[in-house]
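Peer 1: First, the structure itself, so that you have it in front of you.
The values are calculated or read from the model by the stated rules, or taken from the named source; none is laboratory data. For clarity, every value in this text was computed on a predicted model and none was experimentally measured. Heads up, the Cβs are rebuilt from the backbone with ideal geometry, glycines too, and the neighbour counts pull from every protein chain shown. We work out accessible area using only protein heavy atoms, side chains counted, and drop any ligands, DNA or RNA first. Shrake-Rupley method; radii C 1.70, N 1.55, O 1.52, S 1.80 Å.
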2 protein chains.
Amino acid sequence: MNHEFDAISRLFRQRVPFQHAFTTLGNGDDASAHDIPEGFEFVISTDTAVESIHWPNDTPLDIAASRAVLAALSDLAAMGAEPAWVWLAVMAKDTAALESMSQGIVRVCHEHQLELAGGDTVRSPTNALNVTVGGLVPKGLTMQRSLAQNNDEIWLMGELGLSAAGLMQWQTNHKTGCFVHHFQKPTPQLKAGITLRKMGIQCCLDVSDGLLQDASHISKASQVAMCFETEKIQKIASYQQLQAIHGSHALELILHGGEDYALLFTATQDKHQQLLAIGAYPLGYCKQGHEVKLMSHGEEVKFKHQGYDHFA
Amino acid sequence: MNHEFDAISRLFRQRVPFQHAFTTLGNGDDASAHDIPEGFEFVISTDTAVESIHWPNDTPLDIAASRAVLAALSDLAAMGAEPAWVWLAVMAKDTAALESMSQGIVRVCHEHQLELAGGDTVRSPTNALNVTVGGLVPKGLTMQRSLAQNNDEIWLMGELGLSAAGLMQWQTNHKTGCFVHHFQKPTPQLKAGITLRKMGIQCCLDVSDGLLQDASHISKASQVAMCFETEKIQKIASYQQLQAIHGSHALELILHGGEDYALLFTATQDKHQQLLAIGAYPLGYCKQGHEVKLMSHGEEVKFKHQGYDHFA
């Protein structure tokens, strides 16, 4: 008996029974094959998580693995895609690690009805996983970071800073802290992404590296200045929660926290009421220029450029 | 300046300028998007390589990285696909490792005109990379391991055992050994895969875990017995090369070597002459049953089940 192939079958294939209607060849062959019908674009993203870099060593591995899949799904949310497929690479120190990671992965596949279309399990000195996710968007409607326009308003769906606050609690031994679950179980804004795409939103990304750093990606790709208004940011629900515990550091967590998996997007001003109605937060506006600015009472406030950087 | 994003741009995007005709959104956004036209299936495979597991620590990292991409392409070859896209996850200990790996990756992208459609670079205690490759096959024509038929002949395109022999040389300090380049630079049989698919071959896989172990995947998926004839195997060109150095161990290297990236396939007997003409090696035949057999002068020969297993 070959244990590797046995493990793949037992830990993954048997437990994730979904096959998408557009799949012509599912997992178990050299590749999976998909017949994408006219009218849809195929959207794909890949994301990697490494123990001690993307999660603290004492994080249960099922949680670490489910986080990685949820983070990857957030990229599909940002495109306005319907998620459909996952291809996995699980790098595990030993069989126990592999089993734990498989549990987290299987759980997310079930929650989101994802087909596990392929992947491999390999032994590695470092526990890690790479998650590739695929989904579908009606042709021509992918939301893109390069499509912000001068005079657009800047909006947010989801919350900021809570994951960073949760990680801080976990790392300072408040293992049952009130924010820990935000770090451990992020919520990809998949439904919101689809709603926004259907509303005609064209420019969107997910906030994974910190609000201002991710805003700079829109700014650069769209060649607009992104102006955030502190007074508006302070109305985000999570700001209130964070302020209660972190006082004046709350704003910093909001601006630079990272791993929020909220959607940052821009919209023409005529969509203002409609966006308020679905629970989006207005955060500022785009104007001519090429940088990210933080404003307070109409005046520019200096902030330190931050955000996670692997090779600084 | 953010070094991570700078590195991605400088090391990868700027150096791999290809964009496939079916790509609607290339790298640099949350996901890439592809408009797969009627008449084609989208085929995708993912493969992982970890330092000290998939390559010896003293392998130059550009070579380790190019091997990983070539190995992934071999899966597309086995489907009969035209390769088109790569999504990468590069896990690197430091900037120097990242730069070396990027060189190997860029080289293969150029050799095969692959679009680098997405990916990420992350710091990791262990150098590793995950390579996801995508390609296209005309609808309904993917070659699959489940499509071998009773009475099919078994064939091979490519050579066996040379990579394992090269790895042995490298690991026993024959760094310039005659087989080392087979380990360091595998050849995915992409043209052969397309040729076979056009000839109507239906059942194919790539030999990555050893001939007999991979044959067992066809046997199991197709519910046929796979009978290999020693006399035929000994006519493979690499058998002669290996025998000159390894004597009676040559057959073992051929049967169990692994990482050969040759194509193992089956065909109806009427294709015999046509397959000889393109340089394929006949290795045996399929018959009713469910196992892999090694025959010598019409008698079954016992062999030890082998092949690499990460979690034995």
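Peer 1: Select, from A:LEU73, A:LEU98, the only residue that is at the interface with chain B (Cβ under 7 Å from one of its Cβ atoms) and either closer than 26 Å to A:ALA164 by Cβ or of a type in the set (A, V, I, L, M, F, W, C) (or both).
Peer 2: A:LEU98
Peer 1: Among the residues that make up the stretch A:40-50, is at least one of them small (Gly, Ala, Ser) and modelled with pLDDT of 95 or more?
Peer 2: Yes, the stretch A:40-50 contains a residue that is small (Gly, Ala, Ser) and modelled with pLDDT of 95 or more.
Peer 1: What about A:SER66, is it of a type in the set (S, T, N, Q), assigned to a helix (DSSP H, G or I) and out of contact with any strand residue (DSSP E or B) (no Cβ under 6 Å at 6 or more places or on another chain)?
Peer 2: Taking the combined requirement at face value, the residue satisfies it.
For (1) surrounded by fewer than 20 Cβ atoms within 10 Å (Cβ to Cβ); (2) at pLDDT below 95; (3) within 29 Å of B:ASP47 (Cα to Cα); (4) not assigned by TED's automatic domain parsing to the domain that holds B:MET79, each residue gets a yes or a no:
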| position | (1), (2), (3), (4) |
| --- | --- |
| B:MET199 | yes, no, yes, yes |
| B:LEU205 | no, no, yes, yes |
| B:SER222 | no, no, yes, yes |
| B:ALA237 | yes, no, yes, yes |
| B:LEU242 | no, no, yes, yes |
| B:GLY258 | no, yes, yes, yes |
| B:THR268 | yes, no, no, yes |
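Peer 1: Hey, can you tell me all the residues within the stretch A:23-66 that are at the interface with another protein chain (Cβ under 7 Å from one of its Cβ atoms) and touching a helix residue (DSSP H, G or I) at 6+ places or on another chain (Cβ under 6 Å)?
Peer 2: Result: A:ASP30, A:ALA31, A:VAL43, A:SER45, A:ASP47.
Peer 1: Hey, among B:VAL207, B:VAL180, which residue is among the β-branched types (Val, Ile, Thr) and over 18 Å from B:LEU263 (Cα atoms)?
Peer 2: Working: B:VAL207 fails: over 18 Å from B:LEU263 (Cα atoms).
Selected residue: B:VAL180, the only one of B:VAL207, B:VAL180 that is among the β-branched types (Val, Ile, Thr) and over 18 Å from B:LEU263 (Cα atoms).
Peer 1: Return the residues of the stretch A:94-121 that are open to solvent by 10 Å² or more (accessible area, probe 1.4 Å), within 21 Å of the chain's Cα centre (by Cα) and either under 16 Å from A:THR59 (Cα atoms) or not assigned by TED's automatic domain parsing to the domain that holds A:THR46 (or both); say none if nothing qualifies.
Peer 2: Passing the criteria: only A:GLN103.
Peer 1: Could you tell me which of the residues A:GLY258, A:GLY284 is touching a residue at least 12 places away in the same chain (Cβ under 8 Å) and either part of a loop (DSSP other than H, G, I, E, B) or more than 24 Å from the chain's Cα centre (by Cα) (or both)?
Peer 2: Numbers: A:GLY284 fails: either part of a loop (DSSP other than H, G, I, E, B) or more than 24 Å from the chain's Cα centre (by Cα) (or both).
One residue alone meets the criteria, A:GLY258.
Peer 1: A further question on this structure: Do we have A:ALA78 as within 10 Å of chain B (Cβ to nearest Cβ) and part of a helix (DSSP H, G or I) here?
Peer 2: yes
Peer 1: Let me ask something else. Given the criteria within 14 Å of another protein chain (Cβ to nearest Cβ) and of a type outside the set (Lys, Arg), does A:GLU259 qualify?
Peer 2: Here the answer is yes, as A:GLU259 does meet what is asked.
Peer 1: Let me ask something else about it. Kindly indicate whether any position in the stretch A:173-190 is of a type outside the set (D, E, K, R), surrounded by fewer than 23 Cβ atoms within 10 Å (Cβ to Cβ), touching a Leu at 6+ places or on another chain (Cβ under 7 Å) and in a helix (DSSP H, G or I).
Peer 2: Scanning the stretch A:173-190 turns up at least one residue that is of a type outside the set (D, E, K, R), surrounded by fewer than 23 Cβ atoms within 10 Å (Cβ to Cβ), touching a Leu at 6+ places or on another chain (Cβ under 7 Å) and in a helix (DSSP H, G or I).
Peer 1: Looking only at residues in the stretch A:149-166 that are in a loop (DSSP other than H, G, I, E, B) and either within 18 Å of A:GLN189 (Cβ to Cβ) or in contact with an Asp or Glu (Cβ under 7 Å, 6 or more places away or on another chain) (or both), which one is most open to solvent (accessible area, probe 1.4 Å)?
Peer 2: A:GLU159
Peer 1: To continue, here is another question. Being part of a strand (DSSP E or B) and of a type outside the set (S, T, N, Q) is the filter here, so list the residues in the stretch B:42-63 that pass it.
Peer 2: B:PHE42, B:VAL43, B:ILE44, B:ASP47, B:ALA49, B:VAL50, B:GLU51, B:TRP55, listed by residue number.
Peer 1: For the list (1) under 17 Å from A:GLY210 (Cα atoms); (2) at pLDDT 95 or above; (3) assigned to a loop (DSSP other than H, G, I, E, B), I need the number of the one condition that A:GLY279 fails.
Peer 2: Here A:GLY279 clears every test but (1).
Peer 1: Let me spell it out: the conditions are (1) touching a Cys at 6+ places or on another chain (Cβ under 8 Å); (2) at positive phi, and B:SER222 meets all of them except one. Which number is the exception?
Peer 2: Among (1) touching a Cys at 6+ places or on another chain (Cβ under 8 Å); (2) at positive phi, B:SER222 violates only (2).
Peer 1: Another question about this same structure. Suppose we filter A:MET101, A:MET143, A:MET91 for residues that are among the hydrophobic types (A, V, I, L, M, F, W, C) and part of a helix (DSSP H, G or I); which single one remains?
Peer 2: From the options A:MET101, A:MET143, A:MET91, the qualifying one is A:MET101.
Peer 1: When you look at A:ILE36, is it part of a loop (DSSP other than H, G, I, E, B), touching a residue at least 40 places away in the same chain (Cβ under 8 Å) and under 26 Å from B:ARG123 (Cα atoms), yes or no? Give the derivation first.
Peer 2: Values: part of a loop (DSSP other than H, G, I, E, B): yes; touching a residue at least 40 places away in the same chain (Cβ under 8 Å): yes; under 26 Å from B:ARG123 (Cα atoms): no.
Against the criterion (part of a loop (DSSP other than H, G, I, E, B), touching a residue at least 40 places away in the same chain (Cβ under 8 Å) and under 26 Å from B:ARG123 (Cα atoms)), A:ILE36 does not qualify.
Peer 1: Which of the residues that make up the stretch B:15-33 are closer than 22 Å to B:ALA71 by Cβ, open to solvent by 30 Å² or more (accessible area, probe 1.4 Å) and in a strand (DSSP E or B)?
Peer 2: Hit for the stretch B:15-33 is B:ASN27, nothing else.
Yes/no matrix, rows are residues, columns are (1) part of a strand (DSSP E or B); (2) more than 14 Å from chain A (Cβ to nearest Cβ); (3) of a type in the set (Val, Ile, Thr):
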residue	(1), (2), (3)
B:LEU196	no, no, no
B:ASP209	no, no, no
B:LEU212	no, no, no
B:GLN241	no, yes, no
B:LEU263	yes, no, no
